[in-house]
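Following: one structure in structure tokens, then a few remarks.
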Amino acid sequence: MQIYLARNNEQAGPYTLEQVNAMLSNKQIVLTDLAWHEGMTNWLPLGQLTGGKMIYNPNQQKITLPTTPFKTATPSIVDTEALANGATLAPVGRRLGAAFIDYLLLNLAIGIGFFSTMSLTSLNKLNTAFAAELAKLSKSTQTESTQLLKSIMANIPETTLAAVGFAVISLTLIQIWLIASRGQTIGKILLKIKIVDETSGEKSTFLRSVMLRSVLVKYIGYNIIGSLLFFVDLAFLFTKQNRTLHDRLAKTLVVNVPVTETEKQKT
């Protein structure tokens, strides 16, 4: 059975009955969404078809002669991805949450590398140097933030710098491996979203998902251009399809992981 869905005059599908029930279970679709399949004369709310339940059993629904869906145009690429494996676009909140988790993990790695190798004497020395440089800045009429940074770095032991560097590089490599192998960072895994190719709806290539999307824009672009690129990139997240600038450059989408795929990973 091929089932079409519609919301806000936007049609998606066709889906299999299993996909529809999986999306109902995951609350990716709701009972107020419209549905149509062969044997129905009109589009009806899912809740009317399911009798208010979060599972659809067409054998319990009386249907009449078939007609065609109200919209026969080819679905958009977002709908095609959903058609392929029941996924839908990841909401802005979930994407921001995943990014925040990854940010916390980075800071945790830095903290572990820093505090696991810094002695109490070194910390006191660093604190004294930091306070002295701040005092100089408060009395100076010129910007000397570079000198402050140099002073701080000079008072951090080389073993600590090496430990922090090792922790950051290790976490970065893990994240890159996860993106390349499954289209997810640790944050995305926890919030059950993933990166896919905008055309096929499948896992994107290494060039697009890692080199263009992550390395070029995030690791290189953010550091060279600075906060301006970050905020421009973030602003694009609130446009159609929730696509950031790095999504558009790499031709990727971020979608919810279908329930069926999540259960398969568990087993």
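A few points about this structure:
- Selection count, segment 13-55, where residues are in contact (Cβ under 8 Å) with a residue 24 or more places away in the chain, among the small types (Gly, Ala, Ser) and over 22 Å from Arg94 (Cα atoms): 3
- Some residue of segment 216-230 being more than 30 Å from Leu126 (Cα to Cα) and touching a strand residue (DSSP E or B) at 6+ places or on another chain (Cβ under 7 Å): no
- Some residue of segment 173-183 being in a loop (DSSP other than H, G, I, E, B) and over 18 Å from Ile112 (Cα atoms): yes
- Filtered residues of segment 227-238 (kept if surrounded by 11 or more Cβ atoms within 10 Å (Cβ to Cβ), under 15 Å from the mean Cα position of the chain (by Cα) and not aliphatic (A, V, I, L, M)): Asp233, Phe236
Quick grid of which residues meet (1) surrounded by 14 or more Cβ atoms within 10 Å (Cβ to Cβ); (2) at pLDDT below 85:
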residue: Ser138; (1), (2): no, yes
residue: Ala163; (1), (2): yes, no
residue: Ile174; (1), (2): yes, no
residue: Thr185; (1), (2): yes, no
residue: Gly201; (1), (2): yes, yes
residue: Arg208; (1), (2): yes, no
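- Unique match (being of a type in the set (Val, Ile, Thr) and surrounded by fewer than 13 Cβ atoms within 10 Å (Cβ to Cβ)) among Ile189, Ile156, Ile193, Ile224: Ile224
- Wholly within segment 1-96, helices (runs of 4 or more DSSP H) carrying at least 3 residues that are at pLDDT 85 or above and over 19 Å from Leu253 (Cβ atoms): 17-25
- Hey, Phe238 outside any helix (DSSP H, G or I), at pLDDT 85 or above and among the aromatic types (Phe, Trp, Tyr) or not: yes
- Any hit, segment 123-136, residues being modelled with pLDDT under 90, more than 30 Å from Leu249 (Cβ to Cβ), among the aromatic types (Phe, Trp, Tyr) and in a helix (DSSP H, G or I): yes
The values are calculated or read from the model by the stated rules, or taken from the named source; none is laboratory data. Computed from a prediction, not measured in an experiment: that's the story for all the values here. FYI the Cβ positions are ideal-geometry reconstructions off the backbone, even for glycines, and counts take in every protein chain you see.
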